[in-house]
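Visitor: Supplied in structure tokens, the structure appears directly below.
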Amino acid sequence: MSVQHQRMVVTGRKGQVVTSLIERAEAQGRFDVVAVGRPALDLCRPETVEAALREACPDVIVSAAAYTAVDQAETDEEAATLANGTSARAIAATANALDVPVIHLSTDYVFDGSKASPYIEADPVAPIGAYGRSKLVGELAVAGATANHVVLRTAWVYSPFGKNFLKTMLRLAETRESLNIVDDQIGNPTSAFDIADGVLAVAGNLLDSEDSKLRGLFHMVGTGDASWADFATEIFACSADAGGPTASVVRIPSSHYPTPAKRPANSRLDCGKLREMHGVCLRQWMPATAETVKRLLQQ
Ligand SMILES: NC(=O)c1ccc[n+]([C@@H]2O[C@H](COP(=O)([O-])OP(=O)(O)OC[C@H]3O[C@@H](n4cnc5c(N)ncnc54)[C@H](OP(=O)(O)O)[C@@H]3O)[C@@H](O)[C@H]2O)c1
């Protein structure tokens, strides 16, 4: 018997999550992933969203594109809010009009980082930067536009694609013997491939069941936590094992590495709700990191 594939329409073309979704969906076999991005769908032109999504005939929509330049957003908040807020609303409103579920990616940066333990979904939000504020506008807009939604907050994303901390570390290690890395921000390094697997599982659950407990806000990050310095140390250990470049890590406080946008000191997210409701739990971050390092070194 031939299996009818379902169409997962994802926003963005070359982003880490969309690229990982295309690869993982092919291996999994239930969904055909259709990536829709600029110029047809431009988050900075919210009026383009509906027609581009309708044209792609989705069974489920994944809202993975975003204005992700965290530091740049500090001086460009209007554009970040247009892309991450107004267009998120347009995406969810289109999902509602088409009567399909929408899975919207959000961020740990909606929190201020002052909590001493991992954040749960019910914790109060208080973004400390423009990017976090713009993503929070998007979360609320999606929830307001359709009940048939899942907002997935993720964090510290890395992959073989695009720009991310892991790739930056490997590149810098080619020319530097030692690197100063922030040690007083902790979070959950998260492989975009694992996010893709999680999104595919959640999408399947939403299409298979109308249970309201499967809808709403969830946290989804890699298992286990680390500081940026811990993460860098592990990246270099994996790279050394695979014969790649390494550097020694000098642990510094974030006050010694000023950036335009402030980052939360505690970014850890508790993923218990996702595990309980959706049966989804992402891998430990260390083996997932080793896999990505190996793949990059083999390219
Ligand atoms: N990266 C992280 O560490 C991180 C952490 C927490 C949450 N998140 C969230 O996770 C999601 C996926 O992130 P990611 O790491 O995959 O992002 P990414 O690699 O930075 O890629 C951003 C994606 O958004 C698209 N995009 C940007 N501006 C656009 C516009 N005006 N119109 C249409 N598309 C536009 C890009 O389009 P092109 O393909 O055309 O370049 C790209 O596909 C985002 O919602 C992000 O906020 C990411």
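The values are calculated or read from the model by the stated rules, or taken from the named source; none is laboratory data. Being a predicted model, the structure only gives us computed values, none of them experimental. Methodologically, a virtual Cβ is constructed for each residue, glycine included, from the backbone with ideal geometry; neighbour enumeration extends over all protein chains shown. Only protein heavy atoms, including side chains, enter the accessible area calculation; ligands, DNA and RNA are left aside. Shrake-Rupley method; radii C 1.70, N 1.55, O 1.52, S 1.80 Å.
Visitor: Can you spot a residue in the range 261-273 that is of a type outside the set (S, T, N, Q), at pLDDT 95 or above and part of a helix (DSSP H, G or I)?
Guide: Within the range 261-273 (the criterion being of a type outside the set (S, T, N, Q), at pLDDT 95 or above and part of a helix (DSSP H, G or I)), the answer is yes, since at least one residue qualifies.
Visitor: Residues that are farther than 21 Å from Lys262 by Cα and of a type outside the set (Val, Ile, Thr): does the range 124-132 have at least one?
Guide: no
Visitor: Got at least one residue in the range 34-45 being modelled with pLDDT under 95, open to solvent by 70 Å² or more (accessible area, probe 1.4 Å), among the charged types (D, E, K, R) and more than 18 Å from the chain's Cα centre (by Cα)?
Guide: No - not one qualifying residue is present in the range 34-45.
Visitor: Still on this structure, I have one more. Take Asn164 and decide whether it is within 13 Å of the ligand (Cβ to nearest atom) and either under 16 Å from the mean Cα position of the chain (by Cα) or open to solvent by 10 Å² or more (accessible area, probe 1.4 Å) (or both).
Guide: Yes.
Visitor: While we're on this one: Within the group Leu140, Leu200, Leu136, Leu170, which residue is farther than 30 Å from Glu26 by Cβ, assigned to a helix (DSSP H, G or I) and either of a type in the set (D, E, K, R) or more than 13 Å from the ligand (Cβ to nearest atom) (or both)?
Guide: Leu140
Residue-by-condition table, conditions (1) of a type in the set (Phe, Trp, Tyr); (2) over 22 Å from Gly279 (Cβ atoms); (3) in contact with a helix residue (DSSP H, G or I) (Cβ under 7 Å, 6 or more places away or on another chain):
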position: Ala116; (1), (2), (3): no, yes, no
position: Ala155; (1), (2), (3): no, no, yes
position: Lys163; (1), (2), (3): no, yes, no
position: Leu170; (1), (2), (3): no, yes, yes
position: Val182; (1), (2), (3): no, yes, yes
position: Ser191; (1), (2), (3): no, no, yes
position: Ala201; (1), (2), (3): no, no, yes
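Visitor: If you don't mind, there's one more thing I want to ask. Among the polar types (S, T, N, Q), modelled with pLDDT of 95 or more and in contact with a strand residue (DSSP E or B) (Cβ under 9 Å, 6 or more places away or on another chain): which single residue out of Ser227, Ser239, Ser254 fits that description?
Guide: Selected residue: Ser227, the only one of Ser227, Ser239, Ser254 that is among the polar types (S, T, N, Q), modelled with pLDDT of 95 or more and in contact with a strand residue (DSSP E or B) (Cβ under 9 Å, 6 or more places away or on another chain).
Visitor: When the range 5-14 is examined, which residues are found to be touching a residue at least 40 places away in the same chain (Cβ under 8 Å), open to solvent by 70 Å² or more (accessible area, probe 1.4 Å) and over 23 Å from Thr86 (Cβ atoms)?
Guide: Arg7
Visitor: While we're looking at this one, here's another question. Within the range 41-57, how many residues turn out to be near the ligand (Cβ under 9 Å from one of its atoms) and assigned to a loop (DSSP other than H, G, I, E, B)?
Guide: Number of matching residues: 5.
Visitor: Shifting gears a bit: Please state which of the following conditions Ala201 fails to meet, knowing it meets all the rest: (1) more than 25 Å from Gly129 (Cα to Cα); (2) at pLDDT below 95.
Guide: Here Ala201 meets the rest and fails (2).
Visitor: Only one of Val34, Val17 is touching a strand residue (DSSP E or B) at 6+ places or on another chain (Cβ under 7 Å), closer than 30 Å to Leu296 by Cα, of a type in the set (A, V, I, L, M, F, W, C) and touching a residue at least 60 places away in the same chain (Cβ under 8 Å). Can you tell me which?
Guide: Only one candidate qualifies: Val17.
Visitor: Now for a separate question. Anything in the range 61-100 that is open to solvent by less than 40 Å² (accessible area, probe 1.4 Å), more than 11 Å from the ligand (Cβ to nearest atom) and in a loop (DSSP other than H, G, I, E, B)? List them, or say none.
Guide: Val100, the sole residue that qualifies.
Visitor: Filter the range 228-265 down to the residues that are open to solvent by less than 20 Å² (accessible area, probe 1.4 Å), over 19 Å from the mean Cα position of the chain (by Cα) and closer than 24 Å to Gly198 by Cα and list them by number.
Guide: Ile235 - this is the single residue of the range 228-265 that is open to solvent by less than 20 Å² (accessible area, probe 1.4 Å), over 19 Å from the mean Cα position of the chain (by Cα) and closer than 24 Å to Gly198 by Cα.
Visitor: To continue, here is another question. Within the range 209-227, how many residues are closer than 18 Å to Arg153 by Cα and either open to solvent by 40 Å² or more (accessible area, probe 1.4 Å) or without any contact (Cβ under 8 Å) to a residue 12 or more places away in the chain (or both)?
Guide: Final tally of qualifying residues: 4.
Visitor: Out of the residues in the range 101-120 that are open to solvent by 30 Å² or more (accessible area, probe 1.4 Å) and more than 17 Å from Ile195 (Cβ to Cβ), which is farthest from the ligand (Cβ to nearest atom)?
Guide: Ala116
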